[in-house]
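These notes concern the structure reproduced below.
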Amino acid sequence: MSLLSRFFYKRPPDGLLEFIDRIYVFDSCFCTEVLPHGMYPVYLNGILTELHEEHAESQFLAINFRDGDKRSQLADILHEYDIPVIDYPRHFEGCPVLPLSLIQHFLRVCEHWLSTGNSQNIVLLHCERGGWPSLAFLLSCFLIFKKLHSAEHRTLDIVHREAPKGFLQLFSALNPMPSQLRYMQYVARRNISPEWPPMERALSLDCLILRAIPNFDSDNGCRPLIRIFGRNLLGKNASMTDMIFSMPKKKSLRHYRQEDCDVIKIDIQCPVQGDVVLECVHLDLDPEKEVMMFRIMFNTAFIRSNVLMLNSDDVDILWGSKDRYPRNFRAEVLFCEIGGISPPRAPTVTLNGDMKGGLPIEAFSAVQELFNDVEWMESGDNAAFWLLKEFSANSLQDKFQKLILSDMKELSKFQAKVGLQMPLMSPLDSDEEKYSAASDSGYSVDYEKVQHGGNSSDSENIDRALTTEDSESIATSSANTSSPPPPHGRSCGLSTEQSLLSGELQHELPSWQPPPLSAENGDKHVDMRRANNCEIMLTKIKMPLPDMISAILALDTSVLDNDQVENLIKFCPTNEEIEMLKNYNGNKEMLGKCEQFFLELMKVPRVESKLRVFAFRIAFSTQADELRTNLTTINDATKEVKESLKLRQIMQTILTLGNALNQGTARGSAVGFRLDSLLKLSDTRARNNKMTLMHYLCKLLAEKLPELLDFDKDLIHLEAASKIQLKLLAEEMQAINKGLEKVEQELAASVNDGAISVGFRKALKSFLDSAEAVVRSLISLYSEVGRNADSLAQYFGEDPARCPFEQVTSILVIFVNMFKKSRDENARTVEAEKKKMEKEKYTQRCNVRRL
C-alpha cells in the first residue's frame, strides 16, 4: 500500500476483516461457537450501522455460504438495510469445492459489482458454521482471477492464515486443499483459450489404478470401495447430481495386502460429465465401519488427455494420515470417450480340465514306471511365489540369470537412444516392491536386478526437460582431476568435444557469486570456466544469436536438436547473472560472447521454461511411438497366448500327464495346475536319470501329435513382451502427462509476454492440440493393455495381483525355451539312434559278406 493510500485508508468497522480492497469478511466466520440466541441480530446491526456511516455513498452486496433452502436470518436482517444477498452452498457432495459453474458465477458477480458504482461498491462475505473452507477457496479463486496473486498454493495459504490455527481441520475431516488447488488451476488456465470454462466433455470413467498399497488395517493393506458422485447422464434429469456409481458392500470385497501385491485395479466404466467427486473408502470387516482413504474432485472439461495421475499430495486425505501411503503411491484415473464404452466384459475363460484337447490319459500308461514316487504338480505354494523361490534353489537360476542379462542388454539399448540424467518427478522405486514374503536372499538379489534393469527410460528425458533445476553446478574439482564421463546415453549423437563439454559442465561452482562490476573486470563478467564452456557450446550451434532465439520461439525442430536444446538449458543465466547484467552500464557490444548470449536470452520471458517445453516437444514423438510400440507388443502377446489352440492342447496334455503321474492319489483327478509347475518339468527326472518329464512330454507329442511341436511359432511377441515392465510404462505415461501439464502452464503464462511470444504461443498451441490427440489414443490403449495383462493371468487361473503380467510372461518364455530345447535334444537323440542302427546294420552286412 502506497503512502498516499495509507493516508486516506479507512479502517473497516469492528466485526469486519478487509482481505482486499472493498471485499470484507465477517469475523463471525472465524468463530467456533454459535452466538447466543438474540445476540446475532445485535452483532449484525452494529456492524451494518457503522458500515453505512463510514461508506454512505457505497452500495453493498452480501454473499452467504450456507446449506438449506429456508431463508436465512442474515437475509432477513440485511433486507432491512436494502442489501441484496446471494446464497452459495457450503460444499459439493461433501467436498468444500463448488462446481465450476458456481465458481464462474461468483467471479463474474464480484467483478461486476466492484467495477460499477463509481468503484465504491463493497462486497460482504459471510458464512454459517462450517462454511469457512468454501469461503476461503472462492476468495482465493478471485485473487487468482484478478491476477492479484499467481501461485495457487501460496494464495490459499495466505487466506487460511487469517483464520485461527487448525480452523480448517475443525470443519473438514479431509484436507480439501488438493482438490481446491486443482480448481484454482482451472481458474488460472482461463487464458489458454478465448472460451472459459471450456465445454464439459462427456467421458466414461473407465477404471481406477492404485500403485503401492495404502496401509489401513493391521495386515498392512486395505479393502477399497469406490463411490462416484456427479450428474446422472443416464437418468431422467441429467442436471441433478447424485451417486452415480458405487461398489456393493460385501464381506467378500477384495482385500489387498502390501506383501501380496503392489497394484490395485478397479474397473468402473461409469459415464461422467462436468464436476465429479470420486471417493475411495476402506471397508472394514464390519460393513458399517468405513474409513475414508482419499477423495478426488475434478471437472471433465479439463481432462484433456483422458487421464488423471495423482500422488498422495494430489488427493484429499485424512489429516495426519500421510504415513499410511507409501512414498511411491499413485492413483491413476483412466477415461475413454463416451462413445467408446465397451459392453460388460465376460469373465476371462480359464484353462481347466473340462476343455477337450491334448493326449488322453491312456497315452501315459508307462509314466508311473518311468517316474515312480515323483510329485510334479505344485499345489501348496502360490504359483508366482514358488517360481521365485525356485530361482535361487535349483538349476532354473541359471536360466533366469540368462533372462536377466537379456533384459539388461535390451534396456541398455533403449537407454542409449536418449540422454538420461535426472530421476522422475514421482519415481516408483523398485526396492519398495515385494512380489513375495519369501526371505530367500539368493532370489532377492537376482530379482532386484530385473526390477532395476529398467530404471532409466525415455520418460526421464522428458521429465528432466520439464523439471526446474534449482542448482546447475557441482563443486569444482582440481585441475589435475579428469572430467567424469557423461551420464549413460548422453554421448549418443554428440562429437567428442561435445561429450567432453558435458562432463566439464558438472564442475561449475555451486555457490558462484557475481563479481563486482568494475573497470578491472574488463569484458568478462561471468565465471571464466562457465564462460569458456558456454562459448564452446555456442560454436557447436553455428548460427547467429537472433536466429537461434527465433528458432526457439518457433519451436523449430529442423534447426535445433535435443542435445543442443539441453545444452542451452544448462547455460540459461542464473538470477545472480541476470541481476549483474541488468546493472551493467558499460558498452554491451564490448561484452564477451557468453555475456551477449545471456543478454539475448534475457529478452525472452521465462526462457528456461520455454526451452524445457521445446525439449519436450522434440522428445515427444519418439517417446509416444516407443510407448505405443510396447503397449501394442503386450496386447499382441496376450492375444497370441489366449488364442493359440496348440498351446491350449499342450496345457491340456500336461494336465493329463500330471493326473497320470499322480493316479491313485488325491491329486490324480486335478482340473488345473499352478502355472509355475511348468518349470518343474525339466527338473523332474526319471528313475534311470536318463530323461526328464519335459523330454517325455516332447517324445509323446512327437509320436502322437507332432503338429503341436511348433506351438512357439504362435507366440512370436511373447519374448519381447516379457522384457517390458508395466511399471515402467506407467512411469512413461505419467511423464508424458506431466509434460503436457507443463506445456499448458507455459501456454497460459505466455499470454502476458507481449509480441515476442505471439509466434511461440501459436506453435505451442498447435503442438498441444496434436499431442493431446496422441495422448488420448495412448491412454485408451494403455487402459486396454491393463485389462489384457490382467486377463492373461486369469486365463491360467492365477490372481493378477499375486501373479502379475511380468511373472506370467517370464514363466511362459522359460517354458517355451525349455520345451524347444527338449524337443531338439529328443530329435538329436532319435537321429543319433537312427545313425547307430544304420551303422550296426551296415556292420552286420559287412560281416555277412566276409563269411
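Based on this model, can you work out whether Ala721 counts as more than 18 Å from Val641 (Cα to Cα) and either touching a strand residue (DSSP E or B) at 6+ places or on another chain (Cβ under 8 Å) or in a helix (DSSP H, G or I) (or both)? No. Among the residues of region 202-242, those that are in contact (Cβ under 8 Å) with a residue 60 or more places away in the chain, under 23 Å from Glu288 (Cβ atoms) and not basic (Lys, Arg) comprise Pro214, Asn215, Phe216, Asp217, Cys222, Pro224, Leu225, Phe229.
Restricting Ala793, Ala730, Ala720 to those that are surrounded by fewer than 18 Cβ atoms within 10 Å (Cβ to Cβ), hydrophobic (A, V, I, L, M, F, W, C) and under 27 Å from Leu627 (Cβ atoms) reduces the list to Ala720. A single entry from Val263, Val281, Val291 fulfils the requirement of being within 18 Å of Glu93 (Cβ to Cβ) and of a type in the set (A, V, I, L, M, F, W, C): Val281. Does Glu746 satisfy the condition of being acidic (Asp, Glu) and either within 26 Å of Cys207 (Cβ to Cβ) or not assigned by TED's automatic domain parsing to the domain that holds Lys713 (or both)? Taking the combined requirement at face value, the residue does not satisfy it. Within the option set Ala62, Ala56, being of a type outside the set (Lys, Arg) and at pLDDT below 90 holds for one residue only, Ala56. Ile756 meets the stated requirement of being outside the structural domain of Arg304 (by TED's automatic domain parsing), β-branched (Val, Ile, Thr), in a helix (DSSP H, G or I) and surrounded by fewer than 18 Cβ atoms within 10 Å (Cβ to Cβ). Helices (runs of 4 or more DSSP H) fully within region 602-711 that include at least 2 residues being closer than 26 Å to Pro800 by Cβ and in the same structural domain as Glu731 (by TED's automatic domain parsing): 607-643, 645-661. Put simply, of Ser791, Ser822 the only residue that is outside the structural domain of Thr638 (by TED's automatic domain parsing) and touching a residue at least 60 places away in the same chain (Cβ under 8 Å) is Ser822. Checking Leu78, Leu98 one by one, the residue that is over 45 Å from the mean Cα position of the chain (by Cα) and of a type outside the set (Asp, Glu) is Leu78 and no other.
Based on what the data block shows, is Phe216 of a type in the set (Phe, Trp, Tyr) and either assigned by TED's automatic domain parsing to the domain that holds Ser780 or assigned to a strand (DSSP E or B) (or both)? So Phe216 fails the test. Residues that are part of a loop (DSSP other than H, G, I, E, B), within 13 Å of the chain's Cα centre (by Cα), at pLDDT 90 or above and at negative phi: does region 329-344 have at least one? Yes, region 329-344 contains at least one residue that is part of a loop (DSSP other than H, G, I, E, B), within 13 Å of the chain's Cα centre (by Cα), at pLDDT 90 or above and at negative phi.
For region 546-562, a residue qualifies if it is of a type outside the set (A, V, I, L, M, F, W, C) and touching a Lys or Arg at 6+ places or on another chain (Cβ under 8 Å), and exactly one does: Thr557.
None of Ala832, Ala773 is under 30 Å from Val263 (Cα atoms) and without any contact (Cβ under 8 Å) to a residue 40 or more places away in the chain except Ala773. Here Lys839 clears all of (1) touching a residue at least 60 places away in the same chain (Cβ under 8 Å); (2) assigned to a helix (DSSP H, G or I); (3) of a type in the set (Lys, Arg) except the condition numbered (1).
The values are calculated or read from the model by the stated rules, or taken from the named source; none is laboratory data. Since the structure is predicted, the reported quantities are computational estimates derived from the model, not experimental observations. Cβ atoms come from the backbone with ideal geometry, glycine included; neighbour counts cover every protein chain shown.
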